[in-house]
Amino acid sequence: MTRLSLATGTARGGVAVKVGIIGAGAVGAACAMALGQRGSAREIVLVDRTRSRATAVALDMRYGGPVSPPVDIRDGSYEDLEGADLVMITAGVNEKSGGATDRSDPEGRLRLLDANVSAYQEIVPKVVAAAPEAVLMVVTDPPDPLADLARELAQHDRVMSTGTVIDSLRFRVHLGERIGVNAASVDAMAVGEHGTSEVLLWSSATVAGVPIHEACQQCDEPFERVRDAVERDVRFANITIIEGNNASQYGIGIVCARLTEAVLRDERSVFPVASYQAAYGVTLALPSVVGAGGVVRVFEPAMSADERTALERGAERLRSAGARVRSVTASP
């Protein structure tokens, strides 16, 4: 997985680029802030059903403009998305308001699906009408089945969700903390669903190239204890954050900015974003080459037998969620 960096760049081929954000709530505002501070795009348009909120968020951020990269952040309508290279959708019911903060609930983020389907049915056609060539990035929870819906509504394949990028970074951070190394030296990835069925690929995790089992042994940390603690920390990181700050927003904001850069610069960098996988019949996260147009290519990572079984189980869970969406959208 490509590591986050502080490098900035505002254009592809020297041409100014434009990004739209649908939803100016906690996550949308965090995405806009990260995009602006990193100089990820030249123009950012915030669209929210409550126009005054988008206006206020954009105005507040513009006051930092004199000491920030040259980025034009403004509020707008769907029509103002014309010419956007990428539009991220963050609107919808979040985990706290949607009742998805129970650690014992196996549904997890999927509990928000029914509530957010109607929002996407309204939003996606308007985005596509205004910016038909834009890459669509789904951020709203649960992002993977909503990306399937967005793909169907948009009638094109330039759709991806943020997948398990934030989960993979959490994996690296918590693993690094447990064994006492900088997370930048940890190479570890989560795949599958951005949710309770996500698969942490322990079999390929390394620290500076050293397999994690050996790294734990050399650090005098029992692997099983590290694994259990990290699995718990990663799977429930969002709930831990929400319990203290109402919304999990800053990490995903940085992730969205970094993924935007990969698309706008046609980087061909690899991230575990989620796109439609024909082999699994659903959108789920796998190591993906991200460039102009979104996902360019997907790699199938090496997995243990248990990890493979868990991924298949997670795919079935997502297929069931997709069937639920189709039954809802097909209802008169």
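Read-outs: derived from the displayed coordinates by stated rules, not from any lab. Here the structure is a predicted model, which is why all the values come from computation and not from measurement. Note that we place each Cβ from the backbone using ideal geometry, even for glycine, and neighbour counts take in every protein chain shown.
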Region 11-163: antiparallel bridges as % of DSSP beta bridges, rounded to 5, reads 10 percent
Per residue convex hull volume, Cα only, region 11-163, in Å³ is 112 Å³
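Test of the criteria: in region 15-71, which trypsin sites (Lys or Arg not before Pro) are in a DSSP loop and have at most 15 other Cβ atoms within 10 angstrom of their Cβ? Could the numbers behind the result be given before it?
Values: sites: 18, 38, 42, 49, 51, 53, 62; in loops: 42, 49.
Those that pass, being in a loop and sparsely packed, are 49.
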From the Cα centre of region 44-119 to that of region 176-245, the distance in Å is 29 Å
Out of 304, 40, 168, a Gaussian network model of the chain with alpha-carbon springs under 10 Å gives the largest mean-square fluctuation to 304
Longest principal axis of the chain (C-alpha) makes with the long axis of helix 305-330 (C-alpha) an angle, in degrees to the nearest 10, of 30 degrees
To the nearest 10 degrees, the tilt of helix 223-235 (Cα long axis) against the first principal axis of the alpha carbons of the chain is 20 degrees
For the chain, percent of DSSP beta bridges that are antiparallel (nearest 5) comes out at 50 percent
The chain: spread of alpha-carbon positions along the three principal axes, whole Å, largest first, is 56, 52, 38
Two pseudo-spin positions, 7 Å from Cα along C-beta at residue 55 and at residue 278, lie apart in nanometres by 4.9 nm
The correct pair for region 280-332, radius of gyration to one decimal and Dmax as a whole number, both in Å and from Cα atoms, is 14.3, 45
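Quick one: divide the alpha-carbon radius of gyration of region 159-216 by 2.2 N^0.38 Å and tell me what you get. Write down the numbers at each step before the final one.
On the way: Rg = 11.6 Å, N = 58, 2.2 N^0.38 = 10.3 Å.
Normalised by 2.2 N^0.38 Å, the Cα Rg of region 159-216 equals 1.13.
Suppose the chain between residue 313 and residue 327 were pulled fully straight at 0.36 nm per residue; how much longer would it get relative to their current alpha carbon spacing? Don't skip to the end; give the middle numbers.
Numbers: separation 14, 0.36 × 14 = 5.04 nm, distance 2.14 nm.
Value of the extension gain: 2.9 nm.
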Output for region 212-275: trypsin sites (Lys or Arg not before Pro) sitting in coil per DSSP, at most 13 other Cβ within 10 Å, listed by number, reads 268
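For region 274-332, which chymotrypsin sites (Phe, Trp or Tyr not before Pro) are both in a DSSP coil and crowded by at most 15 other Cβ atoms within 10 Å? List each step's numbers first, then the result.
On the way: sites: 276, 280, 299; in loops: 280, 299.
In loop regions of region 274-332 (DSSP not H, G, I, E or B), the sparsely surrounded chymotrypsin sites (Phe, Trp or Tyr not before Pro) are 299.
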